[in-house]
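For reference, the structure discussed in these notes is given below.
Read-outs throughout are calculated quantities, based only on the coordinates presented, and are distinct from any laboratory measurement. In this text the structure is predicted, and so the values were computed from the model without any measurement. Methodologically, a virtual Cβ is constructed for each residue, glycine included, from the backbone with ideal geometry; neighbour enumeration extends over all protein chains shown.
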Amino acid sequence: MTATDAQVRIIMRERQKGRTQEQAVASANLRSRKTVAKYEGLEKLPSELKQPRRHRTRQDPFVEDWPTAERMLGDAPSLEAKALFEWLCEQHSGRYQPGQLRSFQRHVATWRALHREQVAILEQIHRPGEVLQTDGTWLTELGVTIQGQPFKPVLIHSVLPYSNWEWGRIAQSESLAALHLGLRSAVVKLGHVPEFHQTDNSSAATYWPGAKAQAQTGQRREYTDGYLQLLAHYGLKPRTTNINSPQENGDVESSHGGLKRAMEQYLLLRGSRDFDGIELYEGFLSDVMERRNRPRQARLTEELAVMKPLSATALATSSQVRIPVTRGSLIRVQKNSYSVPTSLIGHKVTVRIHARCEYSRQNGTWRFTTNHT
């Protein structure tokens, strides 16, 4: 009969009290005094005598494709287990099941333990449906090209910290128009709005007031009228980080790295960083974010339950301004001068500003330009 640690402890305690082996066996509910003699001689508990299992209890399900996986991990050490597993599933339809992902991740973790150091990630806790954080990040390091030419946009990236749900759009800079595009895309995609929208102290959302106002506000930046109007339209309250405290927007900034790593994985699996058009690159980006959002649906549901449904219609991302015509028959738009008919001198004209992307033959790159009508 196999003895447990608890039974052996009873045996030893009884023997220390001067009881016989038969009495100790009876107290521990065992059958043979030989058990007492055995553990007295070994001076160890049963658990201390067990040897770790060194054999597999079932066949390795990845044995057929593991050489390929090892080669890909060797060629691209930054390739993540989840992306590689999804690629294997696509290459061999029906061979693997979603429930085998954790097992595959353990295989990759073992491989990495022998070949490279691992990075620990700390999880943060947030209230559901409270805030949407938005920040811009450049995608230059991905090395993407459009029709063979360099393309270097900024991603306006929005994240719900509780569920880590994310969405984003590419733009030319972190301007108010770009922030508008990213925020509009996120809330339309969600169909709901949280209580707050949080940004850092970029010039798109905040500005330094005059010296007198600074003295009254304690050196605090104020929100721009355009940004406040944007949030009011969607029913959001503004919230920003403290000056010199960018870590307060840390969730979206942390997600920058995760999204870029995911994009890098799928670019590696795609086998090319060149796209035939910007719309195809945006489609690729959307597909990566959709994939990353799938396992977040349960917590996202908790967020949507406490958010307000989106009732406002989507604002157009183009802007409109009224500008006076000078005596020289010129108007000044975004630091550029434009000639207009002399009949408009002394009047104001309406200028609509649109952003578009075009290829610059001068420096051989794709760039965003502003179109005025």
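Under 5 Å from the amide H of Thr206 lie the amide H atoms of Thr224, each residue being 5 or more positions distant or on a separate chain, with H modelled from the backbone and absent for Pro and chain starts.
Of Phe275, Phe85, the sequence from fewest to most neighbouring Cβ atoms within 10 angstrom is Phe275, Phe85. Whole-Hz Karplus values for segment 145-160 come out as 10, 10, 6, x, 10, x, 10, 10, x, 9, 9, 8, 10, 10, 9, 8 Hz, taken residue by residue from phi with 6.51 cos²θ - 1.76 cosθ + 1.60 and θ = phi - 60°; glycine and proline positions read x. Taking amide H positions as modeled 1.01 Å from N, with prolines and chain starts lacking one, the residues under 5 Å from Trp138 and 5 or more places away or on another chain are Leu155.
Computed 3J(HN,Hα) for segment 172-189, one whole-Hz value per residue from the Karplus formula 6.51 cos²θ - 1.76 cosθ + 1.60 where θ = phi - 60°, is 8, 6, 8, 7, 4, 4, 5, 4, 4, 4, x, 5, 4, 4, 5, 6, 5, 4, glycine and proline marked x. In plain terms, the residue of His157, His107, His92, His233 with the fewest other Cβ atoms within 10 Å comes first and the most crowded comes last, giving His92, His233, His107, His157.
Other residues with beta-carbon under 12 Å from the beta-carbon of Lys34 carry, at +1 per Lys or Arg and -1 per Asp or Glu, a net charge of +1. Annotation: extensible slack from Ser339 through Ala109 equals 76.4 nm (criterion: 0.36 nm per residue apart, minus Cα-Cα distance).
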